[in-house]
Ligand code: ACO
């Protein structure tokens, strides 16, 4: 049977870095408050010419180069983003054009911070069904353009960036994406949302404590679900690559899996929360610096606005 294997990785971070100290000059906050509550020390913020599309294209090119693959061979481009440059056309078709593709199909999907896991699961379904042989899955976000920079309870948490993976169909058993599990519960839609594009000044709204509480419980259960579905024990996991919202949530998941923190890829300190881009950014970093190796069992998990949450278990 067909499976989807990850063969390419790429990412892009804006040039400009904004530290906690920089924020403390503009709003009533402190490096100490931000670090102890979230683990964040700095974030990258998009400047002129850095957009959801441009960052997605850079990360996609890097993923294609990594796999020595031409864009002409790609059958689908799926972009997860909550911060598109335009409502339509989709970010993904702009990426498709920038890569010089004239075939295949491209679309965006929205699942907030779970977007990358949702996009990976969607691409995998196309590959398993035999409809697509190679797919680019991209998370790209410019939250700096939708946070209220006067609201200290939210603006300190987010950063900009993009990450991409290239998937390829394989017949080899036991490799690639082993399982994905997606969940949502729209009853919690109001604890984390962004105003629609028709709102004069759309911004992000979040009840931080409520989101935190749901994150710990729901991520725990989706991790158990992933292990049980594959007959694995926590100790079988070589690497946890979690969505990077808050170091305390990440530490909670590591503890649950009895994984030492040096088996968890952590970028939240340097990237802050880049929403749908955080997992592919972390994956790219850890694959390129040699931490994650071929054959490693890797667990991805995320929770975001919706609420949406999910996991993907893969063997590289
Ligand atoms: N600097 C200084 N003080 C602050 C700041 C700040 N940046 N932000 C809030 N405070 C103050 C508050 O005003 C409050 O003061 P008060 O007690 O006088 O009212 C106090 O700090 C405590 O605020 P809480 O919100 O209770 O702080 P908490 O410990 O819950 O931490 C945080 C807040 C970091 C947001 C935490 O709740 C969290 O991480 N939640 C999860 C968020 C998350 O994961 N979001 C992303 C989901 S992904 C997506 O889809 C976008």
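For the stretch 3-170, the alpha carbon convex hull comes to 113 Å³ per residue, rounded to a whole number. Less than 20 Å from a label point 7 Å out along the Cα-to-Cβ axis of residue 198: which backbone N atoms in the stretch 80-106 qualify, by residue? Of the residues in the stretch 80-106, 83-90 have backbone N under 20 Å from the label point off residue 198. Cβ crowding within 10 Å, taken as a proxy for footprinting-reagent exposure, orders 275, 30 from fewest neighbours to most as 30, 275.
Figure the gain on full extension for residue 87 and residue 150 (residue separation times 0.36 nm, minus the Cα-Cα span) and round it to one decimal in nm. Please list the in-between numbers first.
Numbers: separation 63, 0.36 × 63 = 22.68 nm, distance 2.52 nm.
Answer, rounded to one decimal: 20.2 nm.
Our Cα-only numbers for the stretch 176-315 put the radius of gyration and Dmax at 15.4, 50 Å.
Computed over the chain with a Gaussian network model linking Cα atoms closer than 10 Å, the most mobile of 33, 149, 239 is 33.
Note on the chain: with a GNM built from Cα contacts shorter than 10 Å, the maximum mean-square fluctuation among 296, 108, 48 falls on 48. Which residue, 187, 273, 246, has the most motion in a Gaussian network model of the chain that connects Cα atoms within less than 10 Å? Maximum fluctuation in the GNM of the chain, among the listed residues, is at 187. In this calculation the C-beta distance from residue 19 to residue 221 is compared with R0 = 35 Å, giving a FRET efficiency of 0.45.
If the chain linking residue 269 and residue 291 were pulled fully straight, counting 0.36 nm for each residue of separation and taking away their Cα-Cα distance, it would gain 6.1 nm.
The label-point distance for residue 65 and residue 1, in a model that sets each label 7 Å from Cα toward Cβ, rounds to 3.7 nm.
Treat the stretch 116-243 as a sphere of radius equal to its Kirkwood radius over Cα pairs and apply Stokes-Einstein at 20 °C in a medium of 1.002 mPa s; give the translational diffusion coefficient in µm²/s, rounded to a whole number. Walk me through the numbers on the way to the answer.
On the way: Rh = 17.6 Å.
The calculation lands on 122 µm²/s.
Taking the square roots of five times each eigenvalue of the Cα gyration tensor of the chain, the equivalent ellipsoid has semi-axes of 28, 23, 18 Å, listed largest first. Annotation: extensible slack from residue 212 through residue 233 equals 5.0 nm (criterion: 0.36 nm per residue apart, minus Cα-Cα distance).
Just so you know, all these numbers are worked out from the coordinates, no wet-lab data involved. Keep in mind that what you see is a predicted model, and the values were worked out from it rather than measured. For neighbour counting, all protein chains shown are included, and Cβ atoms are generated from backbone atoms with ideal geometry for every residue, glycine included.
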